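This report refers to the structure that appears directly beneath it.
The values are calculated or read from the model by the stated rules, or taken from the named source; none is laboratory data. This is a predicted model, so every value here is computed, not measured. Cβ placement follows ideal geometry from the backbone for every residue including glycine, while neighbour counts extend to all protein chains displayed. Quick note on the areas: whole protein, heavy atoms, side chains included, nothing else; ligands and nucleic acids left out. Shrake-Rupley method; radii C 1.70, N 1.55, O 1.52, S 1.80 Å.
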Amino acid sequence: MYIAREATKLWRKVSAETTAELQLLLEKWQLLLAGLVFQYIHGLAARGVHYLHRPGPLLQDLGFMALPELGQEKGYLSESIFTFIFISFLLWSFHPFIYHSKRFYTVLLWRRVLAFLVASQFLRIITFYSTQLPGPNYHCREGSKLATLPPPNNALEVLLINFPRGVLFGCGDLIFSSHMIFTLVFVRTYYKYGSNRLIKLLAWLMAIIQSLLIIASRKHYTVDVVVAWYTVNLVVFFVDKKLPEMPDRTNGLPLLPVSSKDKDGRTKEELHKLDGRMRDEFHKLLNGNTVDATDRRQRVQMNGKHGEDMSHSVSDATPTGT
């Protein structure tokens, strides 16, 4: 019975959250779709610069001098950390569908994240097309068959970008690191909207470790990682200032409506002035806690008792004439 009751609460919570998120998605889908399409454009640009890549001797690099080379067999270390960060952020971004405590809408959060990614990736495309450096990764060095690509036979060969092999074994898209773009955007987003201080500190620590592993794995030059650190942070800072701030859901405000006016034509300011008890009850319903009938009966009884006390007070204060 306990499991059934909790499952019912969870289902109500997921259903209410899904309804609200779908309404937001119907309103914001154009921007989300544009952000997803640009991810393909970014991959297409990285594929295109591979045709221009020419292998050569490794450039002198301070990071290569300071950090020992991990070797090709340990290149999975940086990828493992990146995968962990990516999946962790993805799961956390959908936690409002399940957990009671929630600070944001998932649709609005990803709209913000995609804006950060697109702005950073646009600058990245301009940068790595401006100057092509000889790739430091093992498959991009002289003598490797993957270091250069033969001219494409048709446009379709370029448009398909040979996913995922073309992404994993790309060359020429160096300044600045795409892995660091995603990592820093995710870390900064959690730092602002997350709630656990320990996880925030661990997230920054993992970003630093990943930076060092990328250099030690010779996947990027040190300049690629350094430029990513200050460019992405500046991009997030300025783009975040331009975007409207997301509503804070910790105050228990109702989910709907999401537009400036609801169906009755009331503005957001008027909705915020609604009775606090009604907002609490709505918040309880959203979190899977229905308004108990016993509470309603007690409320009615309290109101009745209050009325009786008032009537007694009036009768006592009325002179009897004796």
> Can you name every residue in the stretch 123-142 that is touching a helix residue (DSSP H, G or I) at 6+ places or on another chain (Cβ under 8 Å) and open to solvent by 60 Å² or more (accessible area, probe 1.4 Å)?
Replying inline: Leu123, Tyr129, Gln132
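From the set of residues in the stretch 208-222 that are in contact (Cβ under 8 Å) with a residue 60 or more places away in the chain and assigned to a helix (DSSP H, G or I), which is surrounded by the most Cβ atoms within 10 Å (Cβ to Cβ)?
Of the residues in the stretch 208-222, the ones in contact (Cβ under 8 Å) with a residue 60 or more places away in the chain are 209-210, 212-222.
Those still in the list that are assigned to a helix (DSSP H, G or I) too: 209-210, 212-216, 222.
Working: Ile209: 13, Gln210: 25, Leu212: 15, Leu213: 22, Ile214: 28, Ile215: 26, Ala216: 20, Thr222: 20.
Top of the filtered list is Ile214.
Please verify whether Leu146 is touching a His at 6+ places or on another chain (Cβ under 8 Å), of a type outside the set (Val, Ile, Thr) and under 20 Å from Leu58 (Cα atoms), treating the condition exactly as stated. Explain how you work it out, then say what you get.
Details: touching a His at 6+ places or on another chain (Cβ under 8 Å): yes; of a type outside the set (Val, Ile, Thr): yes; under 20 Å from Leu58 (Cα atoms): yes.
For Leu146, the condition - touching a His at 6+ places or on another chain (Cβ under 8 Å), of a type outside the set (Val, Ile, Thr) and under 20 Å from Leu58 (Cα atoms) - is met.
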> Inside the stretch 75-101, can you point out the residues that are open to solvent by 50 Å² or more (accessible area, probe 1.4 Å), part of a helix (DSSP H, G or I) and in contact with a helix residue (DSSP H, G or I) (Cβ under 6 Å, 6 or more places away or on another chain)?
Replying inline: Leu77
> How about the stretch 143-167: which of its residues are exposed (fewer than 12 other Cβ atoms within 10 Å of the Cβ) and out of contact with any helix residue (DSSP H, G or I) (no Cβ under 9 Å at 6 or more places or on another chain)?
Replying inline: Gly143, Asn153, Asn154, Ala155, Leu156, Pro164, Arg165
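Looking at the stretch 184-203, is at least one residue over 30 Å from Arg249 (Cβ atoms) and hydroxyl-bearing (Ser, Thr, Tyr)? Give the steps one after another, and end with the answer.
To start, the set of residues in the stretch 184-203 that are over 30 Å from Arg249 (Cβ atoms) comprises none.
Scanning the stretch 184-203 turns up no residue that is over 30 Å from Arg249 (Cβ atoms) and hydroxyl-bearing (Ser, Thr, Tyr).
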